[in-house]
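This report concerns only the one structure given below.
The values are calculated or read from the model by the stated rules, or taken from the named source; none is laboratory data. None of the values given here were measured: they were computed from a predicted structure. Because the Cβ atoms are built from the backbone with ideal geometry, glycine has one as well, and the counts that use them run over all protein chains shown. Note: areas computed on protein heavy atoms with side chains; ligands, DNA, RNA excluded. Shrake-Rupley method; radii C 1.70, N 1.55, O 1.52, S 1.80 Å.
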Amino acid sequence: QVQLVESGGGLVQAGGSLRLSCAASGSIFRFRTMAWYRQAPGKQREVVAVITSGGRTNYADSVKGRFTISRDNAKNTVYLQLNSLKPEDTAVYYCNKNPPELAYWGQGTQVTVSS
């Protein structure tokens, strides 16, 4: 059973940057598409960025031009570079397949952006 462990979150001022990592305990190569999701307090979880096994990417309009998703299949890791952060980016960030599977939700990593 593959487990996904997110890390890299923290407290940052508006305009700052963070790099999130999602490490898989097993090979993620067989997953055709991976994604980062986020859930803010009182809101539903939403997809932020998606990457296919071939490296094609897609982003939510709210983060386009500021966030970059990437993957390293040799390291079984998916990354999310967060730049020009805004207070509204504050949320717990998760990675999972796309579409997601219940069994692969991890504990997430908290990103807090202060104004």
* Looking at this structure, is Val92 over 16 Å from Gly26 (Cα atoms), crowded, with 16+ Cβ neighbours inside 10 Å and β-branched (Val, Ile, Thr)? -> yes
* To do: Would you please name the residue that is farthest from Gly65 (Cα to Cα), looking only at residues in the range 21-49 that are open to solvent by less than 30 Å² (accessible area, probe 1.4 Å) and of a type in the set (Phe, Trp, Tyr)?
  => Phe31
* Tally, over the range 72-89, of residues that are within 19 Å of Tyr59 (Cα to Cα) and open to solvent by 40 Å² or more (accessible area, probe 1.4 Å) -> 7
* Matching option when the condition is at pLDDT 95 or above and surrounded by 14 or more Cβ atoms within 10 Å (Cβ to Cβ), among Leu18, Leu11, Leu4 -> Leu18
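Checking the conditions here, which among Lys86, Lys75 is at pLDDT below 95 and of a type outside the set (A, V, I, L, M)? Spell out how you get there, then give the answer.
Details: Lys86 fails: at pLDDT below 95.
Residue meeting the stated conditions: Lys75.
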